[in-house]
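Trainee: First the structure, then my questions, so here it is.
The values are calculated or read from the model by the stated rules, or taken from the named source; none is laboratory data. Every value quoted in this text rests on a predicted model; they were computed, and no experiment measured them. When we count neighbours, we look across all protein chains shown, and the Cβ atoms used for this are built from the backbone with ideal geometry, even at glycine. Just so you know, the surface numbers come from the protein's heavy atoms only, side chains and all, with ligands and any DNA or RNA stripped out. Shrake-Rupley method; radii C 1.70, N 1.55, O 1.52, S 1.80 Å.
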Amino acid sequence: MCQESGGTYSLTDELTAFVRLVQSSNEAQWLCPVTTVTALLDLTAEHLDRQEGKLPREFTAKLTRAAAGMNGAEYLRTLAGVLRTIEQDTAGETAPPPGAGWDTGIRFRMLRGFYDNWIGSGEYESLEEAISAAIDSEHPFCGDLLGPVASEAEFALVHVLDSAASRAGLSSTMPWATAETLTTLLDAVNGHMRHEHPAPLATPDQDRR
């Protein structure tokens, strides 16, 4: 995408978006952290050097396009090196950099699904009605849905909508996800959980035990 965009997309920006996406996801950190990705790139480069068997045709075709005349194995090593540098430079950061915004669909998959199924369906006259209908449809097992949705909404408010640069990708793919909309959603979810699913208070006897 970057090679063929004519300079529209920066490879460094897109790789940074990938690294930050992995860093912000407990699932990704557990299943395939950046260290694993870079090791796989190096291993594949070694495989290409040794020419031990054939890699999938689709992979080699994409590698040829991406490398744009550069040796495929060397290109993979270069990518691995860039990723390692980015990981070191962005440690502890989560806000996405300016870029294509492709990571938004992954980062906010539960929030996007909630919007598509309820808010953006056109079935309800107001945002509040749509959110209430969603909550009622899942109650009393609504925690499984509302917990991840609220978490992603809070993340977007705190880490993405706080600056023009970081909200560029979100605005291009999820223009409805404004501070007002997300705050309304969070208020409704938190209010429902607080009133319908309060944590039981411990009794003095339970505290002593």
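Trainee: Name the residue, out of P175, P204, P140, that is at pLDDT 80 or above and over 27 Å from Y9 (Cβ atoms).
Mentor: P140
Trainee: Considering S137, S163, S171, S132, which residue is assigned to a helix (DSSP H, G or I), under 21 Å from S24 (Cβ atoms) and not β-branched (V, I, T)?
Mentor: S171
Trainee: Examine the stretch 87-103 for a residue that is of a type in the set (S, T, Y) and part of a helix (DSSP H, G or I), and state whether such a residue exists.
Mentor: no
Trainee: Taking the condition at pLDDT 90 or above, in a loop (DSSP other than H, G, I, E, B) and over 15 Å from the mean Cα position of the chain (by Cα), does M70 pass?
Mentor: Yes: the conditions hold for M70.
Trainee: Go through the stretch 33-52 and give me each residue that's at pLDDT 90 or above and either open to solvent by 60 Å² or more (accessible area, probe 1.4 Å) or within 23 Å of A156 (Cα to Cα) (or both).
Mentor: P33, V34, T35, T36, L40, L43, E46, D49
Trainee: For the stretch 148-183, name all the residues that are over 14 Å from the mean Cα position of the chain (by Cα) and small (G, A, S).
Mentor: Passing the criteria: A150, S163, A164, A165, A168, S171, S172, A177, A179.
Trainee: Within the stretch 56-85, work out how many residues are surrounded by 13 or more Cβ atoms within 10 Å (Cβ to Cβ) and in contact (Cβ under 8 Å) with a residue 60 or more places away in the chain.
Mentor: 4
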